[in-house]
Amino acid sequence: MNNHLFDAIRNSVLPEDVFIEIPSGQQFTYGQMLALSAQLANALVTCGVEPGDRVAVQVEKSPEALMLYLACVRAGAVYLPLNTAYTLTELDYFLGDAEPRLVICDPAAKEKLQSIAAQRSAVVETLDPSGEGSLMDLARSQSETFADVARGPDDLAAILYTSGTTGRSKGAMLTHDNLLSNATTLRDCWRFTRTDRLIHALPIFHTHGLFVASNVTLLAGSSMIFLPKFDAEQVLKLMPVATCMMGVPTFYVRLIQSSSLTKELTAGMRLFISGSAPLLAETHKQFEAMTGHRILERYGMTETNMNTSNPYAGERVAGTVGFPLPGVSLRITNPADGRKLADGETGMIEVSGPNVFKGYWRMPEKTAAEFRQDGFFITGDLGMIDARGYVHIVGRGKDLVISGGYNIYPKEVETEIDQLPGVFESAVIGLPHPDFGEGVTAIVVCQPGATMTEAEILLPLQERLARYKQPKRVIFVPDLPRNTMGKVQKNLLRDTYARLFEPVL
Ligand code: MCA
Ligand code: AMP
């Protein structure tokens, strides 16, 4: 048995080709990728990492950080990437749940992380591409070859945390074959080849930037221009030297605001892909009017990787997420009883295929509850398949807000707000937001006789919730609308405050 994912990567790349370029001009070839990921894998083993151990990583985006992911795959470890926005409170939960052997962070975070990691018997190392005393130092003293640990298709490659409707995050267990099968399919569907140069402006701690963008690049042996974060001006400057871009809808919303975005500027680009959140049909149309390119929208989840995609060659229909990918089965069911619905009817989207995860880490009941008996995963997204076979996402059966491509589960934010002195109860909703798609908004009821300010709600949350989860606005109301069952009617709240984030003209 070989290393299922890394063998495929190794067989797809040519050592002399460029893998990653960064704006300062530094380049990493695939030969360097092989050497550096081997050195890092050796360093992980020196730190005591054994096959199956979790390695938690919370570091700024850099080529070295991506090499660390590959090193984990090669060492047979389970890679656990963490959003750099997570607070210590959030990290404490992840470390307690995943019990990683090693936690790797930026040097500035080491002291704070050490205090919580020590209680979990995890060792903390830093990843500083240039600084001394970090895992990179140790790696540089190691051999540039590494005997990749044998891993089969069903072995775990990564755990990615995704919040849940109960407010407790769940670790989605992704196997070597979940990642390999999906990236291979996407490479072929989207026709990635050695000659591609992808603008990579996404974070690398979630599925989109890590598995979709990076694994597709690796399996095509193509190259990426790695930007620390999305910056519209910088991305526009790179378009003449790139061939494709993957982004969340906010990228496209920001790009179409620039008069520099033209057919001439994008003449050398062959593909723009959008996902992670709904792309408004008007953004799709405006982008096409300005560039002549029709954005290719696809649909995925942390648990399933990518499920559907608009066609590369056929018609890319605005407002749809295209067809199920080859090998992926998708059906629409009655949410109440799981009965399959006919095309044209709206219901729950369920998927099965080699892309679908193995289950939630140490949560067998939660896993069982989200799968049907025949193995289909219940996505929580509501959809419809039209007469031509295109999948439309028409809503969410789960209480979820997506802001700038990041998921926020209201329950998690409500739990934090409800604990604050002076608060009686709260309801967190997403309202239409011109930049982020949805803006997190807290509707708060104070305790009888208490009055509170927006700052009294927001300040305490800063320590506890990642910035993107914190409400952009707080509205105080005397009580929350409820139905006869006592359930808060969030749809009424969303209707009442629908225009909160509309620009004032
Ligand atoms: C930053 N802020 C945000 C967000 N990002 N607030 C809400 N939602 C966000 N997404 C905060 C900042 O901390 C800042 O707060 C203020 O909002 C404005 O920041 P700004 O500079 O405008 O933001 P930015 O740094 O430019 O980031 C916006 C972004 C970024 C480029 C859209 O959020 C991003 O890269 N999103 C991509 C997320 C992603 O990769 N999702 C894929 C998940 P303050 O001013 O107070 O400091 S994977 C997935 O969903 C599935 C599998 C799939 O299908 O892909
Ligand atoms: P996450 O689990 O954080 O990766 O987020 C997955 C969720 O993002 C899905 O369940 C959908 O609700 C949403 N999503 C992803 N891609 C799209 C898309 N193209 N259109 C609408 N929603 C999407």
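The values are calculated or read from the model by the stated rules, or taken from the named source; none is laboratory data. All values reported here derive from a predicted model rather than from experimental measurement. Here the Cβ is made from the backbone with ideal geometry for all residues, glycine too, and neighbour counts use every protein chain on show. Accessible surface areas use protein heavy atoms only, side chains included; no ligands, DNA or RNA. Shrake-Rupley method; radii C 1.70, N 1.55, O 1.52, S 1.80 Å.
Structure notes:
- Cα-Cα over 28 Å, subset of Lys229/Lys366; Lys61/Lys170; Lys285/Lys490; Lys110/Lys366: Lys229/Lys366; Lys285/Lys490; Lys110/Lys366
- Order of exposure, largest accessible area first, which applies to Ile385, Ile9 with probe 1.4 Å: Ile385, Ile9
- Placing +1 on each Lys and Arg Cβ and -1 on each Asp and Glu Cβ, with no other charges, gives the chain a dipole about its Cα centre of roughly 820 debye.
- For a modelled paramagnetic label at Thr451, 7 Å from Cα along Cα-to-Cβ, the residues of region 463-497 in reach, with backbone nitrogen under 19 Å, are 474-479.
- In the full protein context, region 1-88 carries 31 Å² of accessible surface per residue, based on a 1.4 Å probe and ignoring ligands, DNA and RNA.
- Projecting the Cα atoms of Met290, Pro153, Val504 onto the dipole axis of the chain, where Lys and Arg carry +1 and Asp and Glu carry -1 at the beta carbon, places Met290 farthest toward the positive end.
- For region 425-505, GluC sites (Glu not before Pro) meeting the loop criterion (DSSP other than H, G, I, E, B) and having at most 15 other Cβ atoms within 10 Å: Glu463.
- Dimensionless Rg ratio for region 139-259, taking C-alpha atoms and the 2.2 N^0.38 Å reference: 1.25
- Within region 19-115, DSSP assigns beta bridges of which about 20% are antiparallel (rounded to the nearest 5).
- Extension gain for Ala368 to Lys487 (0.36 nm times residue separation, less C-alpha to C-alpha distance): 40.3 nm.
- Remark on region 63-144: hydrodynamic radius 13.4 angstrom, per the Kirkwood mean of 1/r across alpha carbon pairs.
- Efficiency of FRET between Leu341 and Thr496 - r from beta-carbon atoms, R0 45 angstrom, step 0.05: 0.90
- Rounded Å value of the spacing that divides the Cα centres of region 287-345 and region 460-502: 30 Å
- Computed over the Cα atoms of the chain, pair by distinct pair, the Kirkwood hydrodynamic radius stands at 23.7 angstrom.
- Whole-percent carbon and sulfur share, accessible surface of the chain, 1.4 Å: 52 percent
- The calculated FRET efficiency for the pair Phe424 and Val504, based on their C-beta separation and a Förster distance of 30 Å, comes to about 0.45.
- Net charge dipole size for region 393-505 [Lys, Arg +1 and Asp, Glu -1 on Cβ; Debye, nearest 20]: 320 debye
- Residue-span extension gain [Asp17 to Lys237] - 0.36 nm each, minus C-alpha spacing: 76.9 nm
- For region 82-164, the residue among Ser134, Gln119, Asn83 whose Cα projects farthest onto the positive side of the dipole built from Cβ charges is Gln119.
- Relative contact order (%) - criterion: Cα under 8 Å, at least six apart; region: the chain: 12 percent
- Residues of region 325-483: accessible area per residue with a 1.4 Å probe, Å²: 46 Å²
- Couplings for region 310-321, taken from phi via the Karplus curve 6.51 cos²θ - 1.76 cosθ + 1.60 with θ = phi - 60°, read 5, x, 6, 8, x, 7, 8, 9, 4, x, 10, 10 Hz in order; Gly and Pro are left as x.
- Computed over region 342-477, the quotient of the alpha carbon radius of gyration and 2.2 N^0.38 Å is 1.30.
- Taking 0.36 nm per residue of separation and subtracting the current Cα-Cα distance, fully stretching the chain between Leu458 and Lys229 would add 79.9 nm.
- For His176, solvent-accessible area (1.4 Å; no DNA, RNA or ligand), Å²: 0 Å²
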